[in-house]
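One structure is given here, and the rest of the page talks about it.
Values in this text are rule-based calculations from the coordinates and carry no lab data. Quick caveat, the model's predicted, so the values are computed rather than measured. As a convention, Cβ positions derive from the backbone with ideal geometry for all residues, glycine included, and neighbour counts pool all protein chains shown.
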Amino acid sequence: MSHKILRIIYPCVGAAIILLFWHYYIVFFNVPPVVLPSPWSVAAAIYSYPQALLSESWITFLECVSGFFLAMAIGIPIAVIMTYSRLLNSMFYPLLVASQSIPKVALAPILLVWFGTGLESKLAMVFVISFFPIVVDTATGLRTTSPELLELARSLQSSRLQTFTKIQLPSALPFIFSGAKIAVTLAVIGAVIGEFIGANEGLGNLLLVANSQMNTSLAWAALIVLSALGMILYASVVLAERILMPWGHDSEHKH
Amino acid sequence: MKNLTKIFKTGTGQPVVAVKDVSFEVRKGELVSLLGPSGCGKTTVLKMMGGLLPATDGLLELNGSEITKPYPGVGVVFQSPTLMPWRTVIGNVLYPMEVLGKNDARAKARAHEILQLVGLGGFENAHPRQLSGGMQQRVALCRAIIHEPSILLMDEPFGALDELTRLEMNDLLLDIRRITGATVIFVTHSISEAIYLADQVLVFSKRPAVIALRLEIDIPYPRTSQVRFLDKFTELERKAGIALGVVK
């Protein structure tokens, strides 16, 4: 059997084993559904609330995507500025790193006070949590540009802007994408934290509501949709990476 | 235009004296090998000649005007090909033309022509990662000559290649030099490569770099690998070896 098919089949078999284990654990130990619903009742919950799950997912999706893009739009230019200005770098980079010792969850109530219970406070939470990996990875990418390429550019009397757009930015692209992959995963966490602290919509909110109503099947359903959302967002970044830097995958199909 | 002169004299400050009181002269169209042990400072000399590094002391002149910063008409080749993986072969070759604002149809025609010359016709749209090390270095060579530089600075360009590829590349370089008429400064740590290619070999001692020996290579061009077996060639190798301290 081909290698590719096996790579899909093995995880499916693994998932089947876990589902069976889950099922028989409940059957043998007679676990009440409020504590742990069976996989089939979770599936049934997904099936019976498609409208609610879909519309709440859409809200969470919007929070993640807008916060993520805001973090990219602000994080990348900041990394560029810090790479070019040694003064600004030595003034603010240590502070930026130190600021990471703040547990992001602790910021959520403050953001709630500032931005209210609407989309803005979630957006801010997503931004705060996904900003750092983007700045750090972009700055690393810009700094690790091949010194020889920079020398080549200098020997051609290339302008700073030309060197940036033609050499440094494309060199940093793989790093920017690795930062973006981490950021997009964190974005989902940020959105859920934001919704937990104060919201009346979104998957995180649905999860809380379902939990308080003892509707554990729905809570689990929300959890599963949430992880699906995370996977879709991550896959989108990977897809964008493949489209924007096709050369990064040349080694895979070398002739 | 005829009297291309580079006088080179440096005495660097305390911390690390990479190059010390080195003086030599390169005539227009000449191929000069800078031969020396690894890390002896010959690369530093090369960079200063390209205006990429300032000299601490001394005078560096090109055609009578002092070199203090990068100047037009220079092509560079490094030990590693340092191609841009995001560009195709032809995109890499045309990079200097883009920077110089001369990326027109003529430039493209020339890129095709020189890729043909180095034996990479048909690989224009390949990506660097699909090529072997030797082929990548050929692309780097094309990138260095696309803008028709009058000076070619080469920093151990074939040092990372296997012996057979290196021999091929030596002949290719001599062809390119014959066709372009460029002045070539060639840094290497291979004695036979230095002698085979050059009009003039400058043997550097260990750091700080001082010229230990200057050899005029009076073997007429065009040279083929046959000259490597001449008595004269062996004698030159012996002299360079003694100057480097590897032949006792």
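Values as computed for the structure displayed
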| quantity | calculated |
| --- | --- |
| Top-ranked residue of the range A:162-190 - restricted to ones that are of a type in the set (Ser, Thr, Tyr) and either in contact (Cβ under 8 Å) with a residue 24 or more places away in the chain or buried (at least 19 other Cβ atoms within 10 Å of the Cβ) (or both), ranked as farthest from the other protein chains (Cβ to nearest Cβ) | A:THR185 |
| Residue list for the range A:1-36, restricted to those being loosely packed, with under 10 Cβ neighbours inside 10 Å and either touching a Phe, Trp or Tyr at 6+ places or on another chain (Cβ under 8 Å) or touching a residue at least 40 places away in the same chain (Cβ under 8 Å) (or both) | A:VAL35 |
| The range B:89-106: number of residues that are closer than 18 Å to A:LYS166 by Cα and without any contact (Cβ under 8 Å) to a residue 40 or more places away in the chain | 7 |
| Condition met for A:TYR47 (within 15 Å of A:ALA219 (Cα to Cα) and either of a type in the set (Phe, Trp, Tyr) or without any contact (Cβ under 8 Å) to a residue 60 or more places away in the chain (or both)) | yes |
| The one condition in (1) within 11 Å of another protein chain (Cβ to nearest Cβ); (2) touching a residue at least 24 places away in the same chain (Cβ under 8 Å) that A:SER159 fails to fulfil | (2) |
| Any chance A:LYS122 is crowded, with 19+ Cβ neighbours inside 10 Å, more than 14 Å from chain B (Cβ to nearest Cβ) and of a type in the set (Lys, Arg) | yes |
| Options B:GLY73, B:GLY58: the member that is surrounded by fewer than 21 Cβ atoms within 10 Å (Cβ to Cβ), more than 8 Å from every other protein chain (Cβ to nearest Cβ) and more than 19 Å from the chain's Cα centre (by Cα) | B:GLY58 |
| Strands (runs of 3 or more DSSP E) within the range B:148-248 that include 3 or more residues more than 30 Å from A:LEU156 (Cα to Cα) | B:211-216 |
| Condition broken by B:GLY64, with the remaining ones in (1) more than 25 Å from B:ASP175 (Cα to Cα); (2) surrounded by fewer than 16 Cβ atoms within 10 Å (Cβ to Cβ); (3) free of Cβ contacts under 8 Å to residues at least 40 places away in the same chain satisfied | (3) |
| Pick from the range A:128-153, criterion touching a Lys or Arg at 6+ places or on another chain (Cβ under 9 Å), within 11 Å of chain B (Cβ to nearest Cβ) and not small (Gly, Ala, Ser), ranking: surrounded by the fewest Cβ atoms within 10 Å (Cβ to Cβ) | A:GLU151 |
| Candidates B:ALA126, B:ALA160, filtered to the one that is in contact (Cβ under 8 Å) with a residue 60 or more places away in the chain, surrounded by fewer than 18 Cβ atoms within 10 Å (Cβ to Cβ) and out of contact with any strand residue (DSSP E or B) (no Cβ under 6 Å at 6 or more places or on another chain) | B:ALA160 |
| Those residues of the range B:98-138 which are within 14 Å of chain A (Cβ to nearest Cβ) and assigned to a loop (DSSP other than H, G, I, E, B), in sequence order | B:LEU100, B:GLY101, B:LYS102, B:ASN103, B:GLY122, B:PHE123, B:ASN125, B:ALA126, B:HIS127, B:LEU131, B:SER132 |
| Spans of helices (runs of 4 or more DSSP H) in the range A:165-255 with at least 3 residues farther than 30 Å from A:PRO77 by Cβ | A:203-212, A:216-244 |
| Criterion violated by A:GLN157 - all others in (1) more than 19 Å from A:CYS64 (Cβ to Cβ); (2) under 15 Å from the mean Cα position of the chain (by Cα) satisfied | (2) |
| Test result for B:GLN200, out of contact with any helix residue (DSSP H, G or I) (no Cβ under 8 Å at 6 or more places or on another chain) and either within 14 Å of another protein chain (Cβ to nearest Cβ) or closer than 27 Å to B:LYS28 by Cα (or both) | yes |
| Breaking point among (1) surrounded by fewer than 18 Cβ atoms within 10 Å (Cβ to Cβ); (2) within 14 Å of chain A (Cβ to nearest Cβ); (3) out of contact with any Asp or Glu (no Cβ under 9 Å at 6 or more places or on another chain), for B:SER80 | (3) |
